[in-house]
Amino acid sequence: MRHLAAPRARRLLVFGTGAQGWAHVGALRAVAPDLERVDVVARDPARLRAFVARVQDEPGLEARAASPDAARDADLIVCATTARAPLFDGALVRAGATVVAIGSHEPAAREVDATLAGAATVVVESRGSALREAGDVIAAIDAGVLDADALVPLAALVRGDAAAAPGRPRLFKSTGMAWEDLVVAAAVHARATG
C-alpha cells in the first residue's frame, strides 16, 4: 500500500468482517496515518455491528455500517470476502483510490468487476498466478478491457521499475502464494524454537 495508496487517504471501505478485514484495518492505518473513517459492508448484521464497534474502540477512528455505494467516497477499499460476484460497481471508484482484493481467488470468483479492472492500474503478485487463479483479472481480460501484458508485478512496483498510472484507480489483486505462507510459517517456527 505504501507504493499504491494516495497520500492522505482518509476513508477506508472494508467488505467483510473476518480476520483479514480486521488485519487490513490495522495495516492500512499504519501506512495511512490520516485515516479517519472506516465504512464496513457485510452480510451478517451481528458480525457487522461487532466489527464496527471494534473499529470504534480504536482511538481516532470513526466507523459505520455502509452500503456498497460507499465505494464512491472511499480512498481505500479492502475486499476480504469469499464473494463469487463483484461486491460493488467499479465505476464508483475514483481516480487515485486504491482497491485491495484479497479474498476470492478462483478463476470463476470475483470481488471486483471488469469495469474497475479495465480502468485501473492492476498490480498482481505474479502474472502467472493471476492469469490462472484471479477471476477478477481473468474476467476483465475475457471482456477485452484488460490486457495481460498490462498487469504490473508487485516486485516491479516495489523496486520502482513500475508505477501506478496517474488519474486512474489502483487495484491490487492477491491470489495468495504458497511461498508466502512458507515464509510466515518458517518465521513463526524460528521464533517459537529460537
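The values are calculated or read from the model by the stated rules, or taken from the named source; none is laboratory data. Here the structure is a predicted model, which is why all the values come from computation and not from measurement. Virtual Cβ from ideal backbone geometry, glycine too; neighbours counted across all protein chains shown.
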Flagged in the stretch 14-34 as outside any helix (DSSP H, G or I), among the small types (G, A, S) and crowded, with 17+ Cβ neighbours inside 10 Å, in numbering order, are G16, A32
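Hey, among A165, A119, which residue is over 25 Å from G16 (Cβ atoms), in contact (Cβ under 8 Å) with a residue 24 or more places away in the chain and aliphatic (A, V, I, L, M)? I'd like the intermediate steps shown before the answer.
Values: A119 fails: over 25 Å from G16 (Cβ atoms).
Answer to the selection: A165.
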Of the residues that sit in the stretch 112-149 and are more than 22 Å from L92 (Cβ to Cβ) and out of contact with any helix residue (DSSP H, G or I) (no Cβ under 9 Å at 6 or more places or on another chain), which one is surrounded by the most Cβ atoms within 10 Å (Cβ to Cβ)?
E133
Tell me the residue from S104, S129 that is polar (S, T, N, Q) and over 25 Å from L12 (Cβ atoms), please.
S129
What is the number of the single condition among (1) more than 21 Å from A9 (Cα to Cα); (2) in contact with a Ser or Thr (Cβ under 7 Å, 6 or more places away or on another chain); (3) of a type in the set (V, I, T) that V137 does not meet?
(2)
Hey, does the stretch 150-165 have a residue that's farther than 22 Å from A9 by Cβ, among the basic types (K, R) and loosely packed, with under 12 Cβ neighbours inside 10 Å?
yes
Do you know which of the residues in the stretch 48-90 that are in a helix (DSSP H, G or I) and hydrophobic (A, V, I, L, M, F, W, C) is surrounded by the fewest Cβ atoms within 10 Å (Cβ to Cβ)?
A53
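If a residue must be out of contact with any Leu (no Cβ under 8 Å at 6 or more places or on another chain) and at pLDDT below 95, how many such residues does the stretch 1-17 contain?
Here is the first cut: in the stretch 1-17, the residues out of contact with any Leu (no Cβ under 8 Å at 6 or more places or on another chain) are 2, 6-8, 14, 16.
With the extra rule that they be at pLDDT below 95, the set shrinks to 2, 6-8.
The total comes to 4.
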Name every residue in the stretch 91-111 that is surrounded by fewer than 20 Cβ atoms within 10 Å (Cβ to Cβ) and closer than 17 Å to L28 by Cα, in order of residue number.
G96
Residues of the stretch 100-155 satisfying the condition of being of a type in the set (D, E) and more than 23 Å from A42 (Cβ to Cβ)
E125, E133, D142, D147, D149
What's the number of the condition V40 fails, among (1) touching a residue at least 40 places away in the same chain (Cβ under 8 Å); (2) buried (at least 23 other Cβ atoms within 10 Å of the Cβ)?
(1)
